[in-house]
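Following: one structure in structure tokens, then a few remarks.
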Amino acid sequence: MSTGQEQLQDNMRLPAEVLYREELEALRKEDKGNIPAGWQMSPRSVFTFIAGGKAGNTVITPKYIGNTRLIEMAVATLVTDRALLLIGEPGTAKSWLSENLAAAIYGNSGLVVQGTAGTSEEHVRYSWNYAMLLANGPTPEALVKSPIMRAMEEGGIARFEEISRCASEVQDALISILSEKTISVPELGKETGARKGFSIIATANTRDRGVNEMSAALKRRFNIIVLPAPSDLETELSIVKKRVAEIASSYELQAAVPADEALLKVVTIFRELRSGMTLDKKEKVKTPAGVISTAEAISLLTNSMALAASFGSGVLTDGDLAAGLQGAIVKDDDKDKLVWKEYLDNVMKKKGAEWRGLYQACKEMNE
Amino acid sequence: MNPAAQAGVHIFGVRHLSPGGAKHLLEYLEELQPTAVLIEGPSDATDEIRHLTHQATKPPVAILAFTGELPVRTALWPFAVYSPEYQGMKWAKANGAEVAFIDLPAAVTLGLQDALRREENPGRSRKPSSEDRTESSGTEAPAYESIYSRIARLAGEYDYDMYWERNYEHNSSAGAYRSALLSFSAQMRALSEGMEQREEPREHAYNALREAYMRRQIKLRIEAGHRPDKIVVICGAYHAAALADLSETISDEEIAKLPSRSSKLTLMPYSYYKLTTMSGYGAGNSAPHYFEMMWEGMEKGRPDELPHRYLSSVARLVRSGGAHRSTAEVIEAVRLAESLAALHEGSAPTLRDLRDAAQTLLGHGDLSAVAEALARVDVGTAIGSLAEGVSQTPIQEDLNRLLKRYKLEKYKSTVANDLSLDLRENRRVTSEEAAYLDLYRSVLFHRLNLLGISFAINRPSGQEGATWAEHWTIQWSPEVEIQVVESTLLGETIEVAAAYVLREKLQNCHDVADASGLIRLACQCAMTSQIEEGSRALQGLAVDSRDVVGIAAAARELSMIISFGDIRKVDTAPLVPLLEQLFRRGCLFLLDASGCNDEAADRMITAMNELNGIALEHSETVDDHLWLQELLNLSSRDDRNPRLSGFACAILMERGMISAEEVSAEVSRRLSPGIPADLGAGWFEGLSMRGRYGLLSRMSLWEQLDGYINALEDEEFKRALVFLRRAFSTFSPREKTMISELLGELWGVNAEQAAEILTGELKEEEAKMLEELNDFDFGNF
């Protein structure tokens, strides 16, 4: 087990239950609430783990910044053994929230089905080790269980990412699993019933609506919570700040964490382009075709930090930021380039002296 | 019971709109069997209690106090069925206990309001609404909001309402509500009183005054022979702690010194919707219907059914909106709401929990899918009602008098009635009143409309331009009653109030067309002095306006008023100079405004029609000569919109101002080869919009048109065709037949054959060609 842990330390990205092990342990130790069957801690502690707070002397960092009522609704849903569906624009922390919920409730966020157009029913139910199947016929040993089936056996939480990307017949396979809470294996003549604590957290993208529209029958089996884009500048700023610092430390980027001023600028630009108007609501702004989510702002900033660290002085310059902005906003060359140019000239140029440097750099970049 | 409480009267602090409070209060009253129930409310309204508790009274109702003279000040005390005060009154009546209001009389409340407002530092922004004054008693005075949201946060709730509902409304253990609220209020006062004294000295003084007055009233009841421990005082939680010790009271002399305004009191029906829009008033106001459901559940002894009832109601409304929602989803929503409540260690879901559950399960995560249903279940549409004759404000009396005088009483029913009015003098009757009965009725209806009282609704008359006939649909409803009572604030009588509203509107009017509309309104409402004011306003606006379309519309409006004013017995003479002025302005700016694109030309054509109509109708007053001059000018110009030039020519032709030769010269000039098709054909389109018979009778004109079309190149012809097709599309079949006859004669074809070809169905081939024309590229125009 210890070698496994060491291996994990080398991973690019640690699962939430490893990353926040101390916090989870502290919460479990200090937990005084009622713990539902199959859960690792009380619903209140799960809430604290996500929303932040204190457990004894341990500070619990907030994992989801924004409307904490949504977290409550998510936790309450899972208490009622209903499946949870998180939907939202790309980059609204759906997967992040689902991972942390699974880590807190079940202690393992790794039972994941990653939905794609190629996901088949076997990924949802079970498949076979064909060598063994051919050699011995259907035996329990030859059965390859899906993450969902394993979660059922263990009474844990399975995650289903990007459910709306799967073909509808794959989605349909979930319907009976969610209502009957069993998976039958007719070849073995047995059924796997879910133990208490089993649930599914699925995520779906609002931008994918209409690709594989979820059926009403499936929707009915989920409690649906819509995760909004951060409601105000301060919220978004604190999200970006926190995540950038976290990522910078885990990737050991050799650049200084960007100054608050640079963060403010990036978040302002993103918010204005996303909402289609300036922050003071006085001017209309064209929105680019691409997604301009908080997640993009975070990756833009870490990107710029990497640029600064590898090819620059280690301090984020306007040029680095401009390169990042160009890449994040201008995706569909022609139109986005015009949108960006218009924004630069109509809005950013008028923002005053502090923006001068960034404006010049962006302008050059966009030529 | 502790000895201290035994000695004094029993104070029951409540939140003003609180079903939990009402339930606990009733239990408390039952247990104590008091001989007097004293309620926080204007003491001069005690007489109204018998009306409030009357069988026929259906809450929500309100006590309205208002001053007779300007500036009008008002104060309002609303009651819902779940108001503890209301239930307390009902209990007292049923059990034969004395019941009275003990707060400052409304006259003093209004007087103080006045004094406070005068003293107020204008630079300092304060909650302005009158209702706040009546509700400083609440536990939610806005100035201390931060304390309340801090309490909510400490309790782990999202807002104070949620905290309140969870900890007070849902608290069913006997006596808990009262004792919890008493200690809450005492501690809250200890915490905030000092600060209030410093930062809101007036507020503090006002509260101290009210409390001293209430203490005195309580003392009076004790002196009158009620045993102190048989008296229950129902008041806002904030005052509960201050009323226990009766030592400090206000004296007669001090009361006499208080500012006071002569004022009147009335009961009025109220609506749940209004309850939600009231600013500053206490809890429960955001969702009256929800709290009514809660109260009903408590009365039935089944408060735990509320989530089921609430969510089923929402689901039913969502279903009636066309979306399918299963019972299973309602069940899951109830479970989610209960699980949310359990997260907060609550015994039952709060409104917020229920709303969130509804959004997640019934709205599939989308608030907009359930927003309407939620609003309807939360707020409800209930409107209160009072026994006949209970609600009496001067304006109601005035209206009733007018209805009687104009023999309209029978229409005061909740069934919609139609009434047709003939505004002309009825010559078969002798008295003037009877002769103009319908006119007076019309004036009354128009005034009511102006006041926003939806008693009579004007339906468009079937007969175009019959200014002497009006059709009204008349229906009385509780909402109308509310609207009438509210109009009291605008004036004592319908006429005074209507005049006030009209003056306000005139002062806020910035548009020539609006101003003329208001003048018409003033005529319809028979308000002579407002007509004059209106014409002054219009004149002021017209001086700066260069918008011919707006001026023409306003002038048309005036011309209508002048022409038909005598039917309404209105003296329109002062409007005549104004009409002249507007008309002149319209003429002078005609040429300027005619340099416009085709889209604007449509509106200009309407304006020119209107101006020409005025010129004909009022030829003795307006400057017709100038009009014709300007038209001549326009028709001869080549640099204006060709359609407008053509239209000007048509008017001149119709008015006989240009001779046949001149017309034909103009036609040949306009339609000569080499003139771009859009100009030539556009001009012809304008020309053909008026006086068609004049056109049809002139053979030479058609010859010229024929020649012009023949002379066009293929490409040019296609362009011209687009315009000509549009020009002829408005011709009636009969006119088209006449044209075809003319052309037949011209080409030497049999007239009937020509007609057949021109008016018959299109052949497939021709239809295809026309299709192609529809794709015609206008880009190079």
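The values are calculated or read from the model by the stated rules, or taken from the named source; none is laboratory data. Keep in mind that what you see is a predicted model, and the values were worked out from it rather than measured. Because the Cβ atoms are built from the backbone with ideal geometry, glycine has one as well, and the counts that use them run over all protein chains shown.
May I ask you to say which residue of B:CYS525, B:CYS596 is more than 26 Å from B:LEU403 (Cα to Cα) and either surrounded by 18 or more Cβ atoms within 10 Å (Cβ to Cβ) or of a type in the set (A, V, I, L, M, F, W, C) (or both)?
Within the list B:CYS525, B:CYS596, the selection yields B:CYS596.
Out of B:ALA375, B:ALA337, which single residue is buried (at least 20 other Cβ atoms within 10 Å of the Cβ) and out of contact with any strand residue (DSSP E or B) (no Cβ under 8 Å at 6 or more places or on another chain)? Give the steps one after another, and end with the answer.
Values: B:ALA375 fails: buried (at least 20 other Cβ atoms within 10 Å of the Cβ).
Going through B:ALA375, B:ALA337 in turn, just one is buried (at least 20 other Cβ atoms within 10 Å of the Cβ) and out of contact with any strand residue (DSSP E or B) (no Cβ under 8 Å at 6 or more places or on another chain): B:ALA337.
Is it true that some residue in region B:624-643 is closer than 20 Å to B:ALA542 by Cβ, of a type in the set (Lys, Arg) and not in a loop (DSSP other than H, G, I, E, B)?
No - not one qualifying residue is present in region B:624-643.
Could you list, in sequence order, the residues of region A:324-350 that are closer than 16 Å to A:GLN360 by Cβ and in a loop (DSSP other than H, G, I, E, B)?
A:VAL347
May I ask you to verify whether B:SER262 is in contact with a strand residue (DSSP E or B) (Cβ under 8 Å, 6 or more places away or on another chain) and among the polar types (S, T, N, Q)? Lay out the reasoning, then the answer.
Values: in contact with a strand residue (DSSP E or B) (Cβ under 8 Å, 6 or more places away or on another chain): yes; among the polar types (S, T, N, Q): yes.
Against the criterion (in contact with a strand residue (DSSP E or B) (Cβ under 8 Å, 6 or more places away or on another chain) and among the polar types (S, T, N, Q)), B:SER262 qualifies.
Can you give me the ranges of the helices (runs of 4 or more DSSP H) entirely in region A:168-279 with at least 2 residues that are within 29 Å of A:GLY66 (Cα to Cα) and within 14 Å of chain B (Cβ to nearest Cβ)?
Values: elements: A:168-180, A:216-220, A:233-250, A:260-275.
The helices (runs of 4 or more DSSP H) meeting that bar are A:216-220.
Please verify whether A:VAL185 is buried (at least 20 other Cβ atoms within 10 Å of the Cβ) and touching a helix residue (DSSP H, G or I) at 6+ places or on another chain (Cβ under 9 Å), treating the condition exactly as stated. Before you say what the answer is, go through the steps one by one.
Values: buried (at least 20 other Cβ atoms within 10 Å of the Cβ): no; touching a helix residue (DSSP H, G or I) at 6+ places or on another chain (Cβ under 9 Å): yes.
For A:VAL185, the condition - buried (at least 20 other Cβ atoms within 10 Å of the Cβ) and touching a helix residue (DSSP H, G or I) at 6+ places or on another chain (Cβ under 9 Å) - is not met.
Looking at (1) within 14 Å of another protein chain (Cβ to nearest Cβ); (2) surrounded by 19 or more Cβ atoms within 10 Å (Cβ to Cβ); (3) farther than 30 Å from A:ALA217 by Cβ, can you tell me which one B:GLY380 breaks?
(1)
Do you know which residues across region A:62-76 are surrounded by fewer than 23 Cβ atoms within 10 Å (Cβ to Cβ), free of Cβ contacts under 8 Å to residues at least 60 places away in the same chain, farther than 9 Å from B:ASP356 by Cβ and facing chain B (nearest Cβ under 10 Å)?
Matches in region A:62-76: A:THR68 only.
Given the residues A:ARG195, A:ARG243, A:ARG274, A:ARG220, which is the only one that is surrounded by 19 or more Cβ atoms within 10 Å (Cβ to Cβ), over 24 Å from A:SER304 (Cβ atoms) and among the basic types (Lys, Arg)?
Working: A:ARG195 fails: surrounded by 19 or more Cβ atoms within 10 Å (Cβ to Cβ); A:ARG243 fails: over 24 Å from A:SER304 (Cβ atoms); A:ARG274 fails: over 24 Å from A:SER304 (Cβ atoms).
Going through A:ARG195, A:ARG243, A:ARG274, A:ARG220 in turn, the sole match is A:ARG220.
Which one is farthest from the other protein chains (Cβ to nearest Cβ), of the residues in region A:79-90 that are farther than 20 Å from A:GLU213 by Cα and out of contact with any Pro (no Cβ under 8 Å at 6 or more places or on another chain)?
Let us first name the residues in region A:79-90 that are farther than 20 Å from A:GLU213 by Cα, namely A:79-82.
Okay, now just the ones that are also out of contact with any Pro (no Cβ under 8 Å at 6 or more places or on another chain), so A:80-82.
On the way: A:THR80: 5, A:ASP81: 9, A:ARG82: 6 Å.
So the residue we want is A:ASP81.
Considering each of B:ILE255, B:ILE250, B:ILE234 in turn, give the residue that is at pLDDT 85 or above, touching a helix residue (DSSP H, G or I) at 6+ places or on another chain (Cβ under 9 Å) and among the β-branched types (Val, Ile, Thr). Steps first, please.
Values: B:ILE255 fails: at pLDDT 85 or above; B:ILE250 fails: at pLDDT 85 or above.
Of B:ILE255, B:ILE250, B:ILE234, the one residue that is at pLDDT 85 or above, touching a helix residue (DSSP H, G or I) at 6+ places or on another chain (Cβ under 9 Å) and among the β-branched types (Val, Ile, Thr) is B:ILE234.
Specify which of the listed residues (A:GLY290, A:GLY276) is more than 20 Å from A:LEU358 (Cα to Cα) and at pLDDT 80 or above.
Working: A:GLY290 fails: at pLDDT 80 or above.
Only one candidate passes the filter, namely A:GLY276.
Looking at (1) farther than 23 Å from B:PRO59 by Cβ; (2) surrounded by fewer than 18 Cβ atoms within 10 Å (Cβ to Cβ), which is the one condition that is false for B:GLU388?
(1)
In the list B:GLU299, B:GLU345, B:GLU305, which residue meets the criterion of being out of contact with any Gly (no Cβ under 8 Å at 6 or more places or on another chain), farther than 27 Å from B:LYS274 by Cβ and either among the acidic types (Asp, Glu) or more than 14 Å from chain A (Cβ to nearest Cβ) (or both)? Write out each step before concluding.
Details: B:GLU299 fails: farther than 27 Å from B:LYS274 by Cβ; B:GLU305 fails: out of contact with any Gly (no Cβ under 8 Å at 6 or more places or on another chain).
Exactly one residue qualifies, and that residue is B:GLU345.
For A:GLU72, only one of the following conditions fails: (1) at negative phi; (2) out of contact with any Leu (no Cβ under 7 Å at 6 or more places or on another chain). What is its number?
So A:GLU72 meets the others, but not (2).
Which members of region B:343-352 meet the condition of being surrounded by 20 or more Cβ atoms within 10 Å (Cβ to Cβ) and free of Cβ contacts under 8 Å to residues at least 40 places away in the same chain?
Hit for region B:343-352 is B:LEU343, nothing else.
Go through (1) in contact with a His (Cβ under 9 Å, 6 or more places away or on another chain); (2) of a type in the set (A, V, I, L, M); (3) within 14 Å of chain A (Cβ to nearest Cβ) and name the single condition B:LEU267 misses.
Failing condition for B:LEU267: (3).
If you take just the helices (runs of 4 or more DSSP H) that sit entirely in region B:39-131, which of them hold at least 1 residues that are at pLDDT below 85 and either touching a strand residue (DSSP E or B) at 6+ places or on another chain (Cβ under 7 Å) or basic (Lys, Arg) (or both)? If you could, list the steps in order and put the result at the bottom.
Details: elements: B:49-52, B:84-94, B:106-119.
Result: B:106-119.
Kindly indicate whether B:GLY322 is more than 37 Å from the chain's Cα centre (by Cα), away from every other protein chain (no Cβ under 11 Å), of a type outside the set (Ser, Thr, Tyr) and part of a loop (DSSP other than H, G, I, E, B).
On the way: more than 37 Å from the chain's Cα centre (by Cα): no; away from every other protein chain (no Cβ under 11 Å): yes; of a type outside the set (Ser, Thr, Tyr): yes; part of a loop (DSSP other than H, G, I, E, B): yes.
So B:GLY322 fails the test.
Any residue at all in region B:428-438 that's more than 21 Å from B:PRO478 (Cβ to Cβ) and touching a Phe, Trp or Tyr at 6+ places or on another chain (Cβ under 7 Å)?
First, the residues of region B:428-438 that are more than 21 Å from B:PRO478 (Cβ to Cβ): B:428-438.
In the following step, the residues that additionally are touching a Phe, Trp or Tyr at 6+ places or on another chain (Cβ under 7 Å) were identified as B:437.
Yes, the conditions are met somewhere in region B:428-438.
If I filter region A:217-238 for residues that are within 18 Å of the chain's Cα centre (by Cα) and among the charged types (D, E, K, R), do I get at least one hit?
Within region A:217-238, one or more residues are within 18 Å of the chain's Cα centre (by Cα) and among the charged types (D, E, K, R).
On the given criteria, is A:GLU153 farther than 19 Å from A:ALA204 by Cβ, modelled with pLDDT under 90 and away from chain B (no Cβ under 14 Å)? It would help to see each step written out before you state the result.
Numbers: farther than 19 Å from A:ALA204 by Cβ: yes; modelled with pLDDT under 90: no; away from chain B (no Cβ under 14 Å): yes.
Criteria not met by A:GLU153.
Looking only at region B:325-342, count every residue that is among the acidic types (Asp, Glu) and more than 7 Å from chain A (Cβ to nearest Cβ) and tell me the total. Let's see the steps before the verdict.
In the first step, residues of region B:325-342 are kept if they are among the acidic types (Asp, Glu); the result is B:329, B:332, B:338.
Next, only the ones that are more than 7 Å from chain A (Cβ to nearest Cβ) stay: B:338.
Summing the residues that are among the acidic types (Asp, Glu) and more than 7 Å from chain A (Cβ to nearest Cβ) in region B:325-342 gives 1.
In this structure, does A:THR287 turn out to be away from chain B (no Cβ under 14 Å), part of a helix (DSSP H, G or I) and surrounded by 15 or more Cβ atoms within 10 Å (Cβ to Cβ)?
Taking the combined requirement at face value, the residue does not satisfy it.
Restricting to region A:45-61, give me the number of residues that are of a type in the set (Phe, Trp, Tyr) and either touching a strand residue (DSSP E or B) at 6+ places or on another chain (Cβ under 8 Å) or away from chain B (no Cβ under 11 Å) (or both). Walk me through it before giving the result.
Of the residues in region A:45-61, the ones of a type in the set (Phe, Trp, Tyr) are A:47, A:49.
With either touching a strand residue (DSSP E or B) at 6+ places or on another chain (Cβ under 8 Å) or away from chain B (no Cβ under 11 Å) (or both) added as a condition, the list becomes A:49.
The number of residues fulfilling the criteria is 1.
Is one or more of the residues making up region A:65-85 modelled with pLDDT under 90, over 25 Å from B:GLU329 (Cα atoms) and of a type in the set (Asp, Glu)?
Within region A:65-85, none of the residues are modelled with pLDDT under 90, over 25 Å from B:GLU329 (Cα atoms) and of a type in the set (Asp, Glu).
Looking at (1) over 29 Å from A:ARG13 (Cα atoms); (2) in contact with a His (Cβ under 7 Å, 6 or more places away or on another chain), which is the only condition A:LEU218 fails?
Exception for A:LEU218: condition (2).
For region B:151-166, which residues satisfy the criterion of being outside any helix (DSSP H, G or I) and surrounded by fewer than 20 Cβ atoms within 10 Å (Cβ to Cβ)?
Narrowing region B:151-166 to residues outside any helix (DSSP H, G or I): B:155-159.
Once the filter is applied, which keeps residues that are outside any helix (DSSP H, G or I) and surrounded by fewer than 20 Cβ atoms within 10 Å (Cβ to Cβ), region B:151-166 yields B:ALA155, B:GLY156, B:TYR158, B:ASP159.
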